Amino acid sequence: FSLDYYTQSFKKYMFNATKIIVSALIIFIASEIAKRDTLVGAIIVSLPLISLLSIIWIYIETRDIERIISFSYSVFSMIIPSLSFFLTLPYFLKKNISFSISLTFSVIIMVVLYFGLATLYKKIGYVI
């Protein structure tokens, strides 16, 4: 057994733990701000934080610019289905449908639209 193997494994473990902690902290801070000020919270949450973090982590881990370019285009191409969630959730809630059912319906609609758009992209030859 090589000490180098254990050192590399530990470094990878610590990097993954750091990614989890940083990502969780950002989500926690954004949700705390949103509780106090919905506009500021909405602005923070509307930032593509998950995409930004993913791009940063991909770059740190691989330094693969082509992968980042491809990832960026893929994220952009799937924005429309994700936006449906923010239209359907308030719609259902305004209809006095319970939060959990409204959330479930909104997620189902979003997922169906994801698959529908992915199928359309496949039919027209667009590679995600």
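The values are calculated or read from the model by the stated rules, or taken from the named source; none is laboratory data. Quantities reported herein were computed from a predicted structural model and do not represent experimental measurements. Using ideal geometry, Cβ is built from the backbone for each residue, glycine included, and neighbour counts are taken over all protein chains shown. Just the protein is used for accessible areas: all its heavy atoms, side chains included, with ligands, DNA and RNA removed. Shrake-Rupley method; radii C 1.70, N 1.55, O 1.52, S 1.80 Å.
Summary table below
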| quantity | calculated |
| --- | --- |
| For the chain, calculated [θ]222 nm from helices alone, where every DSSP H run of n ≥ 4 adds -39500 (n - 2.57) | -30000 deg cm²/dmol |
| Length added when fully stretched, Ser9-Ile79, from 0.36 nm per residue minus Cα-Cα | 21.6 nm |
| Separation of the Val112 and Thr38 label points, Cα + 7 Å toward Cβ, nm | 2.7 |
| Per principal axis, descending, Cα span of the range 1-116 in whole Å | 63, 34, 27 |
| Trypsin sites (Lys or Arg not before Pro) restricted to DSSP loop in the range 94-128 with at most 10 other C-beta within 10 Å | Lys95 |
| Separation between Cα centres of the range 4-46 and the range 66-128, rounded to whole Å | 23 |
| Computed lengthening from Lys19 to Ser98, 0.36 nm per intervening residue step minus Cα-Cα distance | 25.0 nm |
| Within the accessible area of the range 1-40 (1.4 Å probe), percent carbon and sulfur | 72 |
| J(HN,Hα) series, the range 48-53, from Karplus relation 6.51 cos²θ - 1.76 cosθ + 1.60, nearest Hz, glycine and proline x | x, 4, 5, 5, 4, 4 |
| Normalised contact order of the range 25-128, rounded percent, pairs of Cα under 8 Å and 6 or more residues apart | 20 |
| Where Met110, Met14 fall by accessible area, highest first, once all protein chains stay in place (1.4 Å) | Met14, Met110 |
| Coordinate range along principal axes, alpha carbons of the range 50-128, Å, largest first | 49, 31, 13 |
| Nearest-20 debye value, the chain charge dipole, Cβ charges on Lys, Arg, Asp, Glu | 300 |
